[in-house]
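Enquirer: Here you go, one structure.
Just so it is clear, none of the values below were taken in a lab; they were calculated from the coordinates. Predicted, not measured: the structure shown is a model, and the values here were computed from it. Backbone-built Cβ (ideal geometry, glycine too); neighbour counts: all protein chains shown.
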C-alpha cells in the first residue's frame, strides 16, 4: 500500500527564503527575482558551486521529509567529452 504523502513543514515564503539562501551561499547570486537585465539575470557559476547548491537543496528536502536516503545514489555512466555530443550534434549520448 502506498505511503501517505507528508506535507512540508515550510510555508511558501520560508521555501523562497531557503532557495534564496542557497543561491547566495553557494552560487553568490543575491536575488532570485527577475531583473529584466541580462547583466543581472544571468550568472557564471562554477560546477562545484552548482554541485554544492544541489546538495544543499537535496539535504533541505531530506530534512523537510524527516528522512534520510535508503541507499547511496550512484551514477551508472560518467559522461566524457568524447560522448557528450553525438554525431548529429545533439546531447542524446548523455546518460547519467
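Enquirer: State, in angstrom, two size descriptors of the stretch 12-67 derived from its alpha carbons: Rg to one decimal place and Dmax to the nearest whole number.
Expert: Cα only, the stretch 12-67: 12.4, 40 Å (Rg, Dmax).
Enquirer: A further question follows. Averaging sequence separations of C-alpha pairs under 8 Å and six or more residues apart, then dividing by the length of the stretch 12-67, give the relative contact order as a whole percent.
Expert: 33
Enquirer: Report the label-to-label distance for residue 57 and residue 37 in nanometres (one decimal), using points 7 Å from each Cα along the Cα→Cβ vector.
Expert: Between residue 57 and residue 37, the label points sit 2.5 nm apart.
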